[in-house]
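**Student:** Sending over a structure as structure tokens; questions will come in a sec.
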Amino acid sequence: VTTAKFSHSRVQKMSSKKDKVSARAENNGDSDEEASGTSSFSIEFLSRYLADKLGIKGDDKPKEKILDEFNVDGIVSYIKKNNCKKIIVMAGAGISTSAGIPDFRSPVSGLYHNLQKYNLPHPQAIFELSFFHENPKPFFELAKELYPGTFKPTICHYFIKLLNDKEMLLRHYTQNIDTLERVAGIPDEKLVEAHGTFNKGHCLQCRKSYTQTWMKDKIFSDIIPPICEDCPGVVKPDIVFFGENLPEKFHKSILTDFSQCEVLIIMGSSLTVQPFASLIDRVPDNCPRLLINREKAGHQSGLSLFGFGGGLEFDQEDNTRDAYWLGDCDDGCVDLADKLGWGDELRELFKKEHERIDKEELQEAKKKKEAGKVKGEKKDTKL
């Protein structure tokens, strides 16, 4: 609107014109249906005005139908028929909740709901850089609860891993900071951690880089906050706080990935946090989009009326390409895998990988116990 130089006075004139038309309709005893038509006309007029000023050309041609059915079956049919090899997955906290990691906004169980113990001015403060500089302890206390290594990947993570193994994954974009994608075996080159990660950290003062292992040792030894070895700066995991820039890899990848996407799968995201949420509109117009989530999210509304379009179209009468599956993300992935013919393979991968992780954790615990025993024996010898 600013670019179009659409002045406040013009909006007022248009609004005034609309009020006069509506008043005239009321005085003339017009029906509710006619009044509604007048309102629709006013919106259409405003939409055309904005489109003209912004140079947006309307397209009166009917849209080509992309999916045979607007559900998982339609998506599966499209993937098989077109031999899709460039699938992008976008994921939010919903793919990790079955691992025991809380999402952010769910009532009672959500992370923001359970932060009262940290005495924050407001829940989001724990991820604000200004508050972190003032008091970093609450973040590191929370980090100890959520730190990677405590949780195992979910069915969703292994579904994405299968997509990669079958050479069908173009890229996986995640809002999550739990690194479970890495644990599941999704390679770094296929992974974009849009909101950062615990996988590494940097000193906020001199920018020296630190490994996840170094940070974990400090945090679990209650050395909070971890202090840089080269200067007095605090070492912070590379998680994007409010007000910080998203990783360079995110900005570079979206420029090339989404224009060549053949199918977009969105899992476990409320699609409310920008700029991540807007990525769904970067795919081509003929690219099918599937939402797997507990509730509908990201559907068209608001500015889409004025040609600024955006959002999933599954609630629109002229929908041609969007589908949704409502329920737990794990169940949605199993259903999708079954219909693709990979269900048993996914279940076997999940079982096998969890057994491997459990075995490795047991061996690691055994090593620590033995190391502690040796350390104790050496101490006794000295005494």
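**Student:** Please give the solvent-accessible surface of Y210 in Å², to the nearest 10, using a probe radius of 1.4 Å with every protein chain present.
**Tutor:** 10
**Student:** Still on this structure: How much accessible surface area, in Å² rounded to 10, belongs to the heavy atoms of K208 with a 1.4 Å probe?
**Tutor:** Approximately 60 Å² for this residue.
**Student:** Turning to a different aspect of this structure: Mind checking the full-extension length gain between K249 and K166? Use 0.36 nm per residue of separation minus the Cα-Cα distance, one decimal, nm.
**Tutor:** Gain in length upon complete extension: 27.5 nm.
**Student:** Can you pull the accessible area of V234 for me, 1.4 Å probe, Å² to the nearest 10?
**Tutor:** 30
**Student:** Using per-residue counts of other Cβ atoms within 10 Å, averaged over each peptide, order 220-228, 363-371 from highest down.
**Tutor:** With the highest mean Cβ count within 10 Å placed first, the list reads 220-228, 363-371.
**Student:** For the stretch 253-367, with every protein chain kept in place, what is the accessible area per residue (1.4 Å probe, Å²)?
**Tutor:** 50
The values are calculated or read from the model by the stated rules, or taken from the named source; none is laboratory data. Keep in mind the model is a prediction, meaning the values are calculated, not measured. Positions of Cβ are generated from backbone atoms using ideal geometry, with glycine treated the same way; all protein chains shown enter the neighbour counts. Remember, those area values only see protein heavy atoms, side chains included, never the ligands or the DNA or RNA. Shrake-Rupley method; radii C 1.70, N 1.55, O 1.52, S 1.80 Å.
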